[in-house]
Amino acid sequence: MSGVTKEQVLETLKTVRGPDLEHNIVELGMVSDVFISDGKVYFSITVPADRAKELEPLRSAAERVIKEIPGVKGALVALTADKKAGAAPQPQPQRQGGHEHHGHSHAHPHPPQQRSGKLGVPGINAIIAVASGKGGVGKSTTAVNLALGLKANGLRVGILDADIYGPSMPRLLKISGRPTQIDGRIINPMENYGLKVMSMGFLVDEETAMIWRGPMVQSALMQMLREVAWGELDVLVVDMPPGTGDAQLTMAQQVPLAGAVIVSTPQDLALIDARKGLNMFKKVEVPVLGIVENMSYFIAPDTGTRYDIFGHGGARNEAERIGVPFLGEVPLTMNIRETSDAGTPLVATEPDGIVASIYRDIATRVWEQLGGQPERPAPAIVFE
């Protein structure tokens with residue numbers, strides 16, 4: 001455990017002058033949400049929204065002095081802005097890593113249109129969200145196997161774990177260790193099974209509880225998206241946390257999502273929550289690419305008898321009711337559970353299996369839905 005303390009961090013930050021050049025940022029009450037884990041220091045600096053861009057050097061200076069503290073392995077410093085009454089939320093300035101994307105995949109005759117680097121992330125052709133209205137429906141497992149299915153279909157794919165509070169990609173993809181940095185700022189993504197991966201789980205220990213308010217979550221998401229050397233990707237799959245909170249709104253407001261895939265189980269209780277996710281994406285003008293019915297049925301391995309444990313067909317019926325594509329049914333199998341826990345996803349380790357074929361078919365349908373999507377700006381979300 002690191003011996004660095006919150007008091008030591010605050011004392012060090014007193015050496016950083018505030019915007020008035022007379023007082024330091026601690027005296028001015030600009031520092032909040034100080035969190036220390038495994039030798040890494042996280043905190044936010046609150047600045048006026050209309051001065052956020054010009055005060056980026058202040059953020060850099062604060063990050064630099066903290067990294068110089070003996071025992072500190074790294075720092076993540078977020079600029080946050082208090083919203084004035086009646087004003088729309090202002091996105092925080094972010095440095096963008098990577099390079100402009102000039103190529104595209106030939107795996108499909110209708111690749112999605114390229115989007116301006118000013119709106120998206122240079123080098124990434126399309127960003128899709130995998131979401132659910134509630135936890136426990138197998139969303140992250142679906143996201144991993146969907147990403148691997150897209151890769152198996154000939155695309156260059158990355159995956160961003162947007163669940164700050166409960167990151168699962170390190171375990172699902174059997175990746176350990178810490179990512180390296182370029183020039184102390186841009187992060188190299190981790191890799192396995194041919195996927196480029198970024199997750200908060202690579203930066204903190206698995207058992208560490210992230211106690212962050214909304215602004216810190218939003219800033220961390222944007223840094224993991226824009227300050228990662230993704231290179232050139234056809235698709236970036238974003239594994240959303242369950243629900244309809246800060247992470248989803250941040251991604252919808254600040255990133256031109258090409259669309260969203262909704263994961264649900266067949267029973268009515270899960271479908272009620274799935275509808276909330278569908279409605280949220282519609283309100284923020286993100287196309288719904290379709291619905292996946294996970295844990296759709298169970299076939300007993302000893303007798304071959306089929307059991308509809310959670311009911312069957314609910315997600316298909318919901319897709320037909322609201323007029324969105326139904327992407328497919330994924331069975332409930334012990335093999336999916338075992339390979340997920342072991343970090344050996346089926347599409348990568350059993351590519352010729354029945355379940356892997358189902359995921360690849362879902363990936364094909366998702367890619368078909370992406371083809372022909374018009375370029376559009378990110379919507380502005382205003383909280384009244």
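Odds and ends about this structure:
- Charge dipole of the range 132-184 (Cα centre as origin; +1 on each Lys and Arg Cβ, -1 on each Asp and Glu Cβ, all else neutral): 200 debye, rounded to the nearest 20.
- For the range 254-369, with +1 on Lys and Arg beta carbons and -1 on Asp and Glu, the positive-most of V284, L257, N335 along the dipole: V284
- Net length available on complete extension from E56 to D38 is 3.9 nm, with 0.36 nm assigned per residue and the Cα-Cα distance removed.
- Peptides ranked, highest mean first, by Cβ atoms within 10 Å: ranges 283-289, 175-181, 233-239: 233-239, 283-289, 175-181
- Charge dipole magnitude, Cβ of K and R +1, D and E -1 - the range 13-66, Cα centre, debye nearest 20: 140
- Of the GluC sites (Glu not before Pro) found in the range 21-80, those in coil by DSSP whose Cβ has at most 14 other Cβ atoms within 10 Å are E22, E27, E54, E68.
- In the range 279-355, a dipole from Cβ-located charges (positive for Lys and Arg, negative for Asp and Glu) runs towards its positive end, and of P301, G314, T344 it is G314 whose Cα lies farthest in that direction.
- Given R0 = 35 Å, the distance between the Cβ atoms of N317 and S176 translates into a calculated FRET efficiency of 0.25.
- Each of F35, G3, H23 was scored by the projection of its Cα onto the charge dipole of the range 1-45, and the greatest displacement toward the positive side belongs to G3; charges sit on the C-beta of Lys, Arg, Asp and Glu.
Every number in this text was worked out from the coordinates using simple rules, so none of it is lab data. Values in this document were obtained by computation on a predicted structure and should not be read as measured data. Here the Cβ is made from the backbone with ideal geometry for all residues, glycine too, and neighbour counts use every protein chain on show.
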